[in-house]
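The values are calculated or read from the model by the stated rules, or taken from the named source; none is laboratory data. None of these values were measured; they are calculated from a predicted model. Positions of Cβ are generated from backbone atoms using ideal geometry, with glycine treated the same way; all protein chains shown enter the neighbour counts. What goes into the accessible areas is simple: the full protein's heavy atoms, side chains included, and nothing from ligands, DNA or RNA. Shrake-Rupley method; radii C 1.70, N 1.55, O 1.52, S 1.80 Å.
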Amino acid sequence: MKVIKHSFDGVIVGAGGAGLRAAIEAAPHMKLAVITKLYPTRSHTGAAQGGMSAALANVEEDNWNWHAFDTVKGSDYLADQPAVDILCKEAIDSVVELEHWGLPFSRLENGKIAQRRFGGHTVKEGEAPAFRACYAADRTGHMILQTLYQKCVSMGVTFFDEFQVLDIKIDDGVCKGVIAYEIATGDIHIFEARAVTFATGGFGKIYKVSSNAHSLTGDGPGILYQKGIPLEDMEFYQFHPTGIYRLGILLSEAARGEGGILRNKDGERFMERYAPSIKDLAPRDMVSRAIATEISEGNGAGPNNDFVYLDLTHLGAETIKQKLPDITDFVRTYVKIEPINEPIPVQPTAHYAMGGIPTDVNARVLSDVTGTVLPGVYSAGESACVSVHGANRLGTNSLLDIVVFGKRAGQSMVDYVSSTKPMALSDNAAEDLTNKIENLMEKDHSLEFSVPRIREELQDTMEENAKIFRSEESLEKQTKILSDLRDRYQNVTISDKGKVFNTELLEAIELEYLLDMSDTTVASALHRKESRGAHSRVDHVERDDKNWLKHSFAFKNGDSVKLEYKDVELGNYEPKERKY
Amino acid sequence: MNVKVNILRYNPETDRKGHWEEYILEADPDERILDLLHKVKWFDDGSLAFRRSCAHGVCGSDAMVVNGENMLACQVLVKEVSTPIKIEPIRGLPVIKDLVVNMDSFFDSYKKVMPYLVNDDEPGERERLQSPEDRDRFEDTTKCILCAACTTSCPVFWTADTYVGPAAIVNAHRFVFDSRDNASKQRLEILKDVDGAFRCRTAFNCTSACPRGIQVTKAIEDVKRETLTIN
Ligand SMILES: Cc1cc2nc3c(=O)[nH]c(=O)nc-3n(C[C@H](O)[C@H](O)[C@H](O)COP(=O)(O)OP(=O)(O)OC[C@H]3O[C@@H](n4cnc5c(N)ncnc54)[C@H](O)[C@@H]3O)c2cc1C
Ligand code: SF4
Ligand code: FES
């Protein structure tokens, strides 16, 4: 295999919102490369729809403390409150900065940035839904991704597009660089870099029905986990209430922010029973549970009683056209119904990883529960767990997270690079990886051990046993299944033995990350004997602050998972019962 | 139902030129063309190469030629196309393997038109103001996902690959008509060039190809007209 060596001060892995924001901060101060397996503008940040919150108070009175309160309450008190304060305080300047860089926000009549309502965001600590989400129709993420990429183009940032990072080099606890695979040629590239940021996004592909892209396979968390770095709060995976039935394509909460209503098979607005004050705009964990409950009680619609309706028919054609053009187009394209006249069949869809690579508020990666920093390694965006989302993220807080902590990752890289000397990697630094690839290539192909077979079983069983409601029984069952799948994965084979655009090879490597993400999710969920936020145990239905106000850290321990715990950092808000 | 799918295959490591392969697939009429490609790749021939990510028409990865027309494979359902379904790579860019083309020149053209906001005035502590009407003037062209369906459907681009192409002009339009931008003149100078907007022969292929419903030809016309005002 051809091996090519490069030397940089810093490398950013991933060119979604978090990676690009980090690049803008770091590029002027060092020799920097952004490495991305997709062209930057193909990143899944571009799929985000509804908005990005900041207490701009453009529509009504608001302040960042209320935003912080909502975020903490939404997190079911698991978020670290000092980090939440940073998120909500820095939100305002972050939105303004994006506007200055050209982001085409929707506007109010007075020319200010338009803001809309979103689930779980309120004024005066719960009084009424707040107009806090800044948006650009229902393509806010697209605009953020485009604007950040445009800014990078104007700055001349160096990109390695369609290069997939497959390994990190850490010697004696210090980062020295990464190894990447060039998709078009099959060449291996060694990148010397003493500062490395992982901004590789989420891992929704562990489930069958998901709003996530095919590329979201947990690469950053997987690479670090295999090196002994723990993953934090993996049991908290968010199911968004309104995915298109069976397809999982997201219909943004903005639909309900603009007045959309969820109905069961009888046309009943069932959220009135589950969250009397804010109804359809309750946080996602509650709405998804409500839908799952309606379905299990026989109130679901359709021949199998397995979906509910999102009703937009009372909003009027004009509002739909102006404010929800894309998501209603998805419905026309994929379901062939007209949402102006007909309610839309929806079901919860796997959406967002609250957990991930543990970091401090400066995006520095932590290697244990006592807060030991891994020098030179950073993470931001959905791959990281700061933790600002705790057990349940509020809508609009991820687009915020990626820019606030993406920027901080860039700053941390600058600080580190300016106080350290370049690191050298030997010419055989890629050996582990080339061996692994050669092994995969040499094995004879067999269908039983093919990537799609193993992956399909993984997704089907995770969907069945580790979704919205979990129990000791379902999680034990899944642990066993995962261990069998892991055994089969040891023999995984591929049919393509070529060098050029061998995406089958890359899917095989990504499958290992999906197994890692599933193992840590299931083990963390099995150990947490309470229900909190997105983690609902039918055999432990209450939240238990006395024993469980802590973050889980899942470590790789041979083929199994070892768990340790770290206390939550509280602040202004004492844990209270969560009612809406 | 069974559908017949013909795919133009090319592997530079083994083939001297492209050749058609036929696949008979069990498919649901509501499935996407992308789902068919996955069926081939996952359960028949793992070496089939194509780009994809989001699977619902927002990332721009999978523009290809289906039954002679440019479209995103993830945005079109089996029941919407006639069989046998013929799938080829988009035209005018070098093929790397199967349905994957080299996009370098496409992105180079995009970068040529200064696709970023230029405004060196002190913006102040809060957002710049922009009326909803001013915002509306460039709404259509903000939607571009750089999929290249327009550029690679353009007969002018097929014969003269130095032409910047519709996608680059769409992205110039997005800034030329943004009331906050101060570099329209520079951008229009670039587009006045021999390989710029005036190469367009209003064939309208680009507009029908655009999966985001952007009025591409109109955007090019707007830019041409604006170019005439800068002298
Ligand atoms: C449909 C949808 C709608 C959403 N709507 C909203 C919303 O309205 N508001 C909100 O706040 N949040 C929303 N979210 C969540 C939010 O969009 C994401 O959490 C966020 O955009 C993640 O950004 P990121 O930069 O961390 O990752 P991504 O944008 O996913 O980028 C990941 C990057 O990593 C690269 N990468 C991955 N692995 C590798 C590797 N091995 N080597 C090299 N590169 C690699 C990819 O190429 C890509 O560039 C939505 C999410 C979805 C799915
Ligand atoms: S204008 Fe339309 S067809 Fe052309 S690149 Fe943009 S989205 Fe694709
Ligand atoms: S896969 Fe993203 S546009 Fe088709």
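Out of all the residues in segment B:85-108, is one or more at positive phi, more than 16 Å from ligand 2 (Cβ to nearest atom) and in contact with a Ser or Thr (Cβ under 7 Å, 6 or more places away or on another chain)?
no
Would you check which residues across segment A:312-337 are of a type in the set (Val, Ile, Thr) and outside any helix (DSSP H, G or I) and list them?
A:THR313, A:VAL335, A:ILE337
I'd like to verify a number: residues in segment B:63-100 that are within 15 Å of ligand 3 (Cβ to nearest atom) and touching a residue at least 40 places away in the same chain (Cβ under 8 Å), how many?
Residues that pass the stated criteria total 14.
Listed residues A:LEU366, A:LEU425, A:LEU399; which is within 16 Å of ligand 1 (Cβ to nearest atom) and away from chain B (no Cβ under 14 Å)?
Just a single option satisfies the conditions, and that option is A:LEU399.
Only residues that are among the basic types (Lys, Arg), within 18 Å of A:LEU511 (Cα to Cα) and touching a residue at least 24 places away in the same chain (Cβ under 8 Å): list them for segment A:437-487, please.
A:LYS443, A:ARG455, A:ARG486
Residues in segment A:42-59 that are more than 16 Å from ligand 3 (Cβ to nearest atom) and outside any loop (DSSP other than H, G, I, E, B): how many?
Number satisfying all stated conditions: 2.
Can you work out which of the residues in segment A:247-264 that are charged (D, E, K, R) and touching a Gly at 6+ places or on another chain (Cβ under 8 Å) is farthest from ligand 2 (Cβ to nearest atom)?
Taking segment A:247-264 as the starting set, the residues that turn out to be charged (D, E, K, R) are A:253, A:256, A:258, A:263.
In the following step, the residues that additionally are touching a Gly at 6+ places or on another chain (Cβ under 8 Å) were identified as A:253, A:256.
On the way: A:GLU253: 25, A:ARG256: 28 Å.
The selected residue is A:ARG256.
Checking the condition open to solvent by 10 Å² or more (accessible area, probe 1.4 Å), within 14 Å of chain B (Cβ to nearest Cβ) and more than 30 Å from A:ASP285 (Cβ to Cβ), which residue from A:SER94, A:SER106, A:SER154 passes? First the steps, then the outcome.
On the way: A:SER94 fails: more than 30 Å from A:ASP285 (Cβ to Cβ); A:SER106 fails: more than 30 Å from A:ASP285 (Cβ to Cβ).
On inspection, the qualifying residue turns out to be A:SER154.
For segment A:192-201, check the following and say yes or no: at least one residue is in contact (Cβ under 8 Å) with a residue 12 or more places away in the chain, touching a Lys or Arg at 6+ places or on another chain (Cβ under 6 Å) and within 11 Å of ligand 1 (Cβ to nearest atom).
Scanning segment A:192-201 turns up no residue that is in contact (Cβ under 8 Å) with a residue 12 or more places away in the chain, touching a Lys or Arg at 6+ places or on another chain (Cβ under 6 Å) and within 11 Å of ligand 1 (Cβ to nearest atom).
Can you list the strands (runs of 3 or more DSSP E) found entirely within segment B:1-74 that contain at least 2 residues being under 15 Å from the mean Cα position of the chain (by Cα) and more than 9 Å from chain A (Cβ to nearest Cβ)?
Once the strands (runs of 3 or more DSSP E) in segment B:1-74 are filtered for at least 2 residues that are under 15 Å from the mean Cα position of the chain (by Cα) and more than 9 Å from chain A (Cβ to nearest Cβ), what remains is B:63-66, B:69-72.
Taking the condition of being within 14 Å of chain B (Cβ to nearest Cβ) and within 21 Å of B:ILE145 (Cα to Cα), how many residues in segment A:35-64 meet it?
The qualifying residues number 16.
Which residue is nearest to ligand 3 (Cβ to nearest atom), if the candidates are limited to segment B:150-206 and must be within 14 Å of chain A (Cβ to nearest Cβ) and hydrophobic (A, V, I, L, M, F, W, C)?
If we take residues in segment B:150-206 being within 14 Å of chain A (Cβ to nearest Cβ) and hydrophobic (A, V, I, L, M, F, W, C), then B:ALA167 is nearest to ligand 3 (Cβ to nearest atom).
Part of a loop (DSSP other than H, G, I, E, B), touching a Lys or Arg at 6+ places or on another chain (Cβ under 8 Å) and surrounded by 23 or more Cβ atoms within 10 Å (Cβ to Cβ): does that describe A:GLY126?
no
For segment A:490-504, what are the residues that are facing another protein chain (nearest Cβ under 7 Å) and under 15 Å from B:PHE50 (Cα atoms)?
Narrowing segment A:490-504 to residues facing another protein chain (nearest Cβ under 7 Å): A:494-496, A:498-501, A:503-504.
If the condition is that a residue be facing another protein chain (nearest Cβ under 7 Å) and under 15 Å from B:PHE50 (Cα atoms), then A:ASP496, A:GLY498, A:LYS499, A:VAL500, A:PHE501, A:THR503, A:GLU504 are the ones that fit.
Are any residues in segment A:163-211 among the basic types (Lys, Arg) and within 14 Å of A:LEU224 (Cβ to Cβ), and if so, which ones?
A:LYS169, the sole residue that qualifies.
For segment A:394-404, indicate whether the set of residues that are of a type in the set (D, E, K, R) and touching a Gly at 6+ places or on another chain (Cβ under 8 Å) is non-empty.
yes
So which residues in segment B:94-124 are assigned to a helix (DSSP H, G or I) and facing chain A (nearest Cβ under 7 Å)?
Correct list: B:LYS111 only.
Within 24 Å of A:LEU505 (Cα to Cα), assigned by TED's automatic domain parsing to the domain that holds B:ASN67 and open to solvent by less than 40 Å² (accessible area, probe 1.4 Å), is that true of B:TYR23?
Judged against the criteria, B:TYR23 is a match.
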